[in-house]
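**Q** First the structure, then my questions, so here it is.
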Amino acid sequence: MASIFQPDFAEGWKFVCTSSCTSASPSGLYYPVAESSNQPLLGVGAYVDVKFSRWVQLEAEGRWLRFNQYDNIHQDNYLIGPRVPVYHFWRSSVYAKALVGASKMTLDPVGDNGTFTTIAFGGGMDIKMTKRLSLRLPDLEYHYWPSWGNSTLSPYGASVGIGYKIF
C-alpha cells in the first residue's frame, strides 16, 4: 500500500505554562509542546487480514513513512487488532478497525529517535476486483500516541493498496 500521513510533529518546540503564569509574572511550570508539521510524510506499507468468521477478523499492518521528510523526521508503524465488516454491497466491503502497537519516530536531523505506544482507529473499503485481487480504497486512520514524552501526538492519514487473497 501507499500512504500519506500528517506526522503531527515538525521538530520545533514551544513551551506552554501549566499554572501560575501571567504576562506580568511569567514564572510557573512549563512543558514542551511539539509544533505540527505542514509537510505530509509519504510511504509504503503492507497489511495482512485474517478472516476467522464473518464477524471475527484480524488486521496487522506495517508502514514506513520515509519520503517527503522534513528535517530527517520520519515514522514507522507496526499495528495489529480487530477488523469489523460494517456494510457489504456489490463487490465492496466497508470496514472499521481498532489497532494497537508501536511506532518508531526519528525526531531530528542528528538521528534522535524513540519508540512509542500507538492506538489507531480507522476504516475503509475493499473492492473485490477478481477472485484473488482486491483494491483497498481508501483506508483512513487516526493515531493516538498517549505517551509521547510528557505530551501526546496524533498523526492521521490515508492509504491505498492492492490485496492478494492467498487462501
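The values are calculated or read from the model by the stated rules, or taken from the named source; none is laboratory data. What you see is a predicted model; the values in this text were computed from it and never measured. All Cβ positions, even for glycine, are placed from backbone atoms using ideal geometry, and neighbour counts span all protein chains on display.
**Q** Looking at segment 78-100, is at least one residue within 16 Å of Gln6 (Cβ to Cβ), modelled with pLDDT of 90 or more and surrounded by 14 or more Cβ atoms within 10 Å (Cβ to Cβ)?
**A** Among the residues of segment 78-100, not one is within 16 Å of Gln6 (Cβ to Cβ), modelled with pLDDT of 90 or more and surrounded by 14 or more Cβ atoms within 10 Å (Cβ to Cβ), which makes the answer no.
**Q** In a loop (DSSP other than H, G, I, E, B) and touching a residue at least 12 places away in the same chain (Cβ under 8 Å): which single residue out of Ser103, Ser36, Ser53 fits that description?
**A** None of the other options fit; the residue is Ser36.
**Q** Just checking, which of Gly149, Gly111 is at pLDDT below 90 and either touching a His at 6+ places or on another chain (Cβ under 6 Å) or loosely packed, with under 14 Cβ neighbours inside 10 Å (or both)?
**A** The conditions single out Gly111.
**Q** Moving on. Hey, can you tell me all the residues within segment 77-98 that are outside any strand (DSSP E or B) and among the β-branched types (Val, Ile, Thr)?
**A** The answer is none; no residue qualifies.
**Q** Hey, another quick one. Is it the case that Thr22 is on the phi < 0 side of the Ramachandran plot, in a strand (DSSP E or B) and modelled with pLDDT under 70?
**A** no
**Q** Of the conditions (1) closer than 20 Å to Val56 by Cβ; (2) at pLDDT 90 or above, Tyr156 satisfies every one except a single condition; which number is it?
**A** Among (1) closer than 20 Å to Val56 by Cβ; (2) at pLDDT 90 or above, Tyr156 violates only (1).
**Q** Here are Thr130, Thr106: which of them is surrounded by 15 or more Cβ atoms within 10 Å (Cβ to Cβ) and over 15 Å from Ala46 (Cα atoms)?
**A** Thr106
**Q** Considering every residue within segment 141-150, establish whether at least one is under 17 Å from Asn77 (Cβ atoms) and of a type in the set (Asp, Glu).
**A** Within segment 141-150, one or more residues are under 17 Å from Asn77 (Cβ atoms) and of a type in the set (Asp, Glu).
**Q** Going by what's in this entry, would Pro138 be described as in a strand (DSSP E or B), of a type outside the set (Gly, Ala, Ser), surrounded by 13 or more Cβ atoms within 10 Å (Cβ to Cβ) and out of contact with any Asp or Glu (no Cβ under 8 Å at 6 or more places or on another chain)?
**A** Spelling it out, Pro138 is indeed in a strand (DSSP E or B), of a type outside the set (Gly, Ala, Ser), surrounded by 13 or more Cβ atoms within 10 Å (Cβ to Cβ) and out of contact with any Asp or Glu (no Cβ under 8 Å at 6 or more places or on another chain).
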